[in-house]
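Below is one structure, written out as structure tokens; the observations come after it.
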Amino acid sequence: MTEGATAGVSPELGPLTSELDSVQGAAKWLVGAAASSLAVLVAGLQLSSVAEVASRGSVDLAVVAGLCTVAVGSVGTILVLAARVLVHPGWTPNLIAQESSNPDEWQKHWLSNALDARRGFLMPELVDSIPTGTTLSVAQIAEAAMRPALKVGRLYGHQQRLLQAWFELVELGEARFSGDLFDEGSTQVAVYRLRSSDDATRLQHRLTATAAAANRVASVANLLDVRRRYRRLVAGWLPVLGGLAVLSILALIWFVASNAQVPITAPVQVDIKFSNDAGALVENQIPGSCKGLTVRGAAINGSLSEPIVSSINDAHCVLNQAKVPPAAGTVVPVVPVK
């Protein structure tokens, strides 16, 4: 009965393959979108301005480095996690057998529950595979229903023993096989002889059915792992990492834009309101007599935040290409009235 039940079981994997293609297609889109977003956002920054801001001091350097690290790290992590969805997880019957060798640990493994929930698809119950028209007694149905649940890890060992029996049959002309995939405690021994074509066909059917079941389990395990990785990416990591990437890049753009120095490329008429701190003026090589004065001059170089100005409008405050940082005074461009 076991042989007949398993030999004809070959459920279609078409829907699962379609789902796998859909999940991996979405992951490819995520990889492309993340890479494109990173390229566009980075290209939107003036890297020379970033370098200029970062070179002004250790605090600015730390801020720029931190924001860049968060942005690139977040997008990079998204790319890695999305790429893992595209990579084959590598589940094989042998690997599943190794993982399930410790029953206590295997019961806690996510794949154990996931495969158990699909056990009827992977290896249907014996009573479900009985050909139409077959008559069974109540005792036979009860016996089939009470068989131990299928342990996926035993598929690999069962397949190996069947393969060994097949080679024994071919090489020695006779093979003895003991064990039942559905009943671990079974001691029933099946004898196969090469001179009997029926024996060879039966053993081949058992080997083919077991190999198909093992491959089906591995295929479903790989699909489940890909789906699990995708769900963890979309529902868990993507909102957090995507938000961090966007916020950090926007913060970097704002920080650079608000701190970058706008160069002066042509003389600009300006009003300079000098600080009342004579020490700050002297420290920046500005005459102390300029303290508290407002004079008009021309910014001929430097930047709007730290211009280099000249002025002869006030005899008490003559400037000859003096650099005026924010600590020494405030420089305001003069807007001509039309």
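The values are calculated or read from the model by the stated rules, or taken from the named source; none is laboratory data. Bear in mind the structure is a predicted one, so any value in this text is a computation, not a measurement. Every residue, glycine as well, gets a Cβ built from its backbone with ideal geometry; the counts of neighbours run over all protein chains shown. Remember, those area values only see protein heavy atoms, side chains included, never the ligands or the DNA or RNA. Shrake-Rupley method; radii C 1.70, N 1.55, O 1.52, S 1.80 Å.
Odds and ends about this structure:
- Evaluation of Leu293 against (1) touching a Cys at 6+ places or on another chain (Cβ under 9 Å); (2) buried (at least 19 other Cβ atoms within 10 Å of the Cβ) (one fails), failing number: (2)
- For the residues Ala165, Ala211, the requirement of being out of contact with any Lys or Arg (no Cβ under 8 Å at 6 or more places or on another chain), in contact (Cβ under 8 Å) with a residue 24 or more places away in the chain and either open to solvent by less than 80 Å² (accessible area, probe 1.4 Å) or not β-branched (Val, Ile, Thr) (or both) singles out Ala211.
- Close pairs (8 angstrom Cβ cut-off, 6 or more residues apart or separate chains): without any contact (Cβ under 8 Å) to a residue 40 or more places away in the chain and closer than 22 Å to Pro333 by Cα in segment 268-292, of a type in the set (A, V, I, L, M) and not in a strand (DSSP E or B) anywhere: Pro287/Leu281; Pro287/Val318; Cys290/Leu281; Lys291/Ala278; Lys291/Leu281
- Residue in segment 37-48 that is assigned to a helix (DSSP H, G or I), at pLDDT 75 or above and open to solvent by 50 Å² or more (accessible area, probe 1.4 Å) present: no
- Top-ranked residue in segment 115-124 [being among the aliphatic types (A, V, I, L, M) and part of a loop (DSSP other than H, G, I, E, B); ranked as surrounded by the fewest Cβ atoms within 10 Å (Cβ to Cβ)]: Ala117
- Test: Ile96 is open to solvent by less than 30 Å² (accessible area, probe 1.4 Å), within 24 Å of Gly157 (Cβ to Cβ) and within 25 Å of the chain's Cα centre (by Cα): yes
- Candidates Val240, Val246, Val331, Val226, filtered to the one that is at pLDDT below 85, under 30 Å from Ala33 (Cβ atoms) and not in a loop (DSSP other than H, G, I, E, B): Val246
- Failed item in (1) in contact with a Gly (Cβ under 9 Å, 6 or more places away or on another chain); (2) assigned to a helix (DSSP H, G or I), with Asp271 passing the rest: (2)
- Unmet criterion (only one of (1) of a type outside the set (A, V, I, L, M); (2) closer than 12 Å to Gln321 by Cα; (3) open to solvent by 40 Å² or more (accessible area, probe 1.4 Å)) for Asp277: (2)
- Answer from Leu281, Leu252 - the residue that is hydrophobic (A, V, I, L, M, F, W, C) and modelled with pLDDT under 80: Leu252
- Ala165 modelled with pLDDT of 70 or more, outside any helix (DSSP H, G or I) and not basic (Lys, Arg): no
- Filtered by the rule that a residue be assigned to a loop (DSSP other than H, G, I, E, B) and without any contact (Cβ under 8 Å) to a residue 60 or more places away in the chain, segment 91-114 gives Ser100, Ser101, Asn102, His109.
- Tally of residues being more than 13 Å from Pro267 (Cα to Cα) and open to solvent by 30 Å² or more (accessible area, probe 1.4 Å) across segment 297-330: 13
- Scanning segment 154-208 for residues that are touching a helix residue (DSSP H, G or I) at 6+ places or on another chain (Cβ under 8 Å) and of a type in the set (Lys, Arg), we see that the one that is farthest from Ala218 (Cα to Cα) is Arg193.
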